[in-house]
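Remarks on the structure that follows.
The values are calculated or read from the model by the stated rules, or taken from the named source; none is laboratory data. Please read all numbers here as calculations on a predicted model, not as lab measurements. For neighbour counting, all protein chains shown are included, and Cβ atoms are generated from backbone atoms with ideal geometry for every residue, glycine included. Quick note on the areas: whole protein, heavy atoms, side chains included, nothing else; ligands and nucleic acids left out. Shrake-Rupley method; radii C 1.70, N 1.55, O 1.52, S 1.80 Å.
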Amino acid sequence: MITVKEMDKSCLEMYDTISMNVDVHSEYRIRTIDNGLGGFHFDEVEVEPYIKDLSVYEKAAEYEQNFDITNWRFYMAFDGEKLVGAMTVAGTTPDLNMLCGREDACVLWDIRVIDEYKHQGVGQKMLDAGIENAKADGYTQMIIESQNNNVTACNFYRKQGAVLSKIDMYAYYQEESCRDEVQFIWYLDLN
């Protein structure tokens, strides 16, 4: 039986023991119509399968070095005593670019589930807990970032009712390893 517990920042080293592996089998390719003025067309295209480990880009134990995490909530999912998932929801935070200065929105900063527990509802249980607390904290929207090569996450957020509102084809252009990835920003209404 999976249980989700809200934790404090003392859990972040344990949090980092959970990998953020994304099994990539397909990706969304975006074609612009009339240079974007006519819209975008999304094609899901199969690719040579690979695993992308998103945990190489940041460590939860280092959050506090970069941000004021006073308004952040941390969740961990357990199967009995076994840690199987973790999630961070960032609340009002000065200088958190994704919030654009908003105090009525929070960010689903990170969600991860160990490989053998994926597609078993662990992420859903954590997200449900995060949404419930975000509402209680007075947030009206949750902002979520994903990439075009994380089709599973995109489908999960769409299933929650999130709306894809921003597409940035050059968000990662400065980073050689992910230059060709496209950033998707989703907005999930919490009311």
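Remarks
- With only Cα atoms counted, the stretch 66-111 has Rg and Dmax values of 12.6, 39 Å.
- Structure-based [θ]222 nm, the chain - -39500 (n - 2.57) summed over DSSP H runs of at least 4, per residue, nearest 500: -4500 deg cm²/dmol
- Table column - 3J(HN,Hα) (Hz), the stretch 139-150, Karplus curve with 6.51, -1.76, 1.60, x for Gly and Pro: 7, 9, 9, 10, 9, 9, 9, 9, 10, 5, 8, 10
- Averaged per residue, the stretch 83-191 has 48 square angstrom of accessible surface, using a 1.4 angstrom probe with ligands and nucleic acids left out.
- Along the chain, longest interval not containing exposed GluC sites (Glu not before Pro), exposed being DSSP loop plus at most 16 other Cβ atoms within 10 Å: 104-174
- Taking only Cα atoms of the stretch 111-191, radius of gyration then Dmax in Å: 14.0, 40
- Within the accessible area of the chain (1.4 Å probe), percent carbon and sulfur: 47 percent
- Rounded to the nearest 10 degrees, the inclination of helix 151-160 to the longest alpha-carbon principal axis of the chain is 70 degrees.
- For the stretch 60-156, chymotrypsin sites (Phe, Trp or Tyr not before Pro) meeting the loop criterion (DSSP other than H, G, I, E, B) and having at most 15 other Cβ atoms within 10 Å: none.
- Between residue 109 and 88, 89, 90, the built amide H atoms are under 5 Å apart, and every one of these is 5 or more places off in sequence or on another chain.
- Under 5 Å between amide hydrogens, built in the peptide plane, is the criterion, and for residue 147 it picks out 184 among residues at least 5 positions away or on other chains.
- Take the convex hull of the alpha carbons in the stretch 1-134; its mean projected area over all directions comes to 10.3 nm².
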